[in-house]
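This report refers to the structure that appears directly beneath it.
The values are calculated or read from the model by the stated rules, or taken from the named source; none is laboratory data. Computed from a prediction, not measured in an experiment: that's the story for all the values here. Here the Cβ positions follow ideal geometry from the backbone for every residue, glycine too, while neighbour counts run over all protein chains shown.
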Amino acid sequence: MEISGKSNPQPVNVKVVKPTEATPESFKEYGQVIEASPDGEEFGPKDAQLNLTLGIPRFYIMKLEKRSLKFTAITHHANVTQCLGSIGGGVWYLGVAKPSIVETKENAGSDAVQSKCGHFYVPPAVDKVQVFRISGIQVH
């Protein structure tokens, strides 16, 4: 699996997974699932709990067409909240892994990678990546 964006000379480890339906309960280890709420409803725990204290978020719309249901890389986000959703409300899939930031490279051994921001993290093992099926709801 290519995690850091650099080519990996090791053999590719392929894992076929059955996606889990994303619900607030099934996704809570990775973030928050939110759904549309009625206009005028007061802010509460079902709204996105965004942490914007570590930088300015990037807001953009990606146009993804004709993508296969496989991936070879996972993006590392250490200091930002990432919100994803489907504009059309269609079914989509998301691969995630638990955070793995380490204080120093020595704490993590030879598997640690240094990010462009300077901190170290351990790329997830293929068997630690969880795939979720999202049905017209937003994931935070």
- Message: Among the residues of the stretch 80-88, are any surrounded by 10 or more Cβ atoms within 10 Å (Cβ to Cβ) and without any contact (Cβ under 8 Å) to a residue 40 or more places away in the chain?
- Response: yes
- Identify the residue in the stretch 106-122 that is at pLDDT 80 or above and of a type in the set (G, A, S) and, among all such residues, is surrounded by the fewest Cβ atoms within 10 Å (Cβ to Cβ). G118
- Query: Looking only at the stretch 72-100, which residues are within 19 Å of P19 (Cα to Cα), in a loop (DSSP other than H, G, I, E, B) and more than 13 Å from the chain's Cα centre (by Cα)?
  - Reply: T72, S86, G89, G90
- Message: Could you go through the stretch 128-137 and let me know if any residue there is among the charged types (D, E, K, R), surrounded by 11 or more Cβ atoms within 10 Å (Cβ to Cβ) and in a strand (DSSP E or B).
- Response: yes
- Item | Hits in the stretch 12-30 (condition: closer than 15 Å to Y93 by Cα and not hydrophobic (A, V, I, L, M, F, W, C)) | K18, P19, T20, E21, T23, S26, Y30
- Item | Whichever residue in the stretch 60-79 is hydrophobic (A, V, I, L, M, F, W, C) and loosely packed, with under 10 Cβ neighbours inside 10 Å and, among such residues, is nearest to V129 (Cα to Cα) | L69
